[in-house]
Amino acid sequence: MWGESNAVVFSNSVLGARTEKYADYFDICAAIVGLVPNTGVHQTENRKPSIVIDATDFIEEHLLPQIHADMVDEKCVYKSGIDSFFPAMGWLSGNLSDGRIPLILGFDLLPSVSRDNLKAFCAAYGTTGSSPLFHMANITPEAMGDNVINDMIQACGDKRVQVSKEDVVKAYTTLDSGKQSGDDISLVALGNPHLSVEEMKDLIDIISLDDRPKNESVKVIATLGRHIQSEAGLLGKRLEEFGVTLLNDTCWCMLLHPPIIPSTNPSAKILTNSGKYAHYGPGLTNCNIRFGSMYQCIEAAKSGRMGSNKGAGMSWLRHFSTHTLIRHIRKIR
């Protein structure tokens, strides 16, 4: 059994384990007796999806063309900011699922979906979705194979939502809630959920795209498990040499005050690549929160500013028309 909300989603959905969202101390009691209630998603019949969220058309029409264009150059793969698509879609899917367990279609069209992509998706899904589980067609273990997927789709009946580009733009602009406060960045917050070894490698690769140092006015802090830092070895030291502060055994939702959070400065802005922290951060810190890709986070660490979606870092989002973006930003206001 797992207790933390987005870890529960990851456990159920990606690992195929079985757990409910248990409150503190309940999990301790369960550990003592070695039993949990045989209810909820512990039971197979309660793990079936009851709504389809179909992102197939969106991914085919708007995402794949840009991905294929960016794959020509290794630098463009990072600059595309495709990693930010997963938390944005996780946040959106939680909203669209309406409390139900969803079957999500279309992600198997992508060239790859990594464990870290799914981790970011789950964390953001857990902020807006109340169900502890989702299925992703031909990606997650309980939704593999055409027969299984077709049975799931039929069982959902007419409960079906088609993802539009307007939906995705609204999700992104909602997460990037501090955009109107400007592009200067005070703190780059990484590791929510905790960094993996692969993400540490990606950060170093992005840092190495040019030889600019970290801007002295920007703090860069990442949270990760001490066992991951130990396993990563020299990777952690290379990040620290660039100027990243690595914190163990905590998470961003528990870091609420100075010296970590620049709350003494009312104009301070925090940039994160986490959909979860972009969702909770404004209320937790009273700071303006910007949301972007891992590439944008490192670019801001070097320049002191967040690049616009029209500049470096978000080519998948730039693929949408400027008109669509402006229209939906005005609606959110």
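Filtering region 281-301 down to residues that are assigned to a helix (DSSP H, G or I) and out of contact with any strand residue (DSSP E or B) (no Cβ under 9 Å at 6 or more places or on another chain), which residue is least open to solvent (accessible area, probe 1.4 Å)?
TYR295
Test ASP57 against the criterion of being open to solvent by 60 Å² or more (accessible area, probe 1.4 Å), over 19 Å from the mean Cα position of the chain (by Cα) and under 28 Å from THR272 (Cβ atoms), and give yes or no.
No, not satisfied.
If you scan region 142-152, which residues turn out to be crowded, with 19+ Cβ neighbours inside 10 Å and not in a helix (DSSP H, G or I)?
Scanning region 142-152 gives a single hit, ALA143.
If you check every pair at least six apart or on different chains, which have Cβ atoms under 6 Å apart with a residue in region 15-39 that is over 14 Å from GLU4 (Cβ atoms) first and a residue that is at pLDDT below 90 and small (Gly, Ala, Ser) second?
VAL36/ALA30
Of the residues ASP54, ASP70, which is in contact (Cβ under 8 Å) with a residue 40 or more places away in the chain, touching a Leu at 6+ places or on another chain (Cβ under 8 Å) and acidic (Asp, Glu)?
ASP54
Can you list residue pairs whose Cβ atoms sit under 6 Å apart, with the first residue in region 243-258 being more than 17 Å from CYS297 (Cβ to Cβ) and free of Cβ contacts under 8 Å to residues at least 60 places away in the same chain and the second being part of a loop (DSSP other than H, G, I, E, B) and of a type outside the set (D, E, K, R)? Count only pairs 6 or more apart in sequence or on different chains.
What qualifies is PRO258/THR264.
The values are calculated or read from the model by the stated rules, or taken from the named source; none is laboratory data. Since we're looking at a predicted model, the values are computed, not measured. Methodologically, a virtual Cβ is constructed for each residue, glycine included, from the backbone with ideal geometry; neighbour enumeration extends over all protein chains shown. Accessible surface is based on the protein model in full, side chains and every heavy atom, while ligands, DNA and RNA are left aside. Shrake-Rupley method; radii C 1.70, N 1.55, O 1.52, S 1.80 Å.
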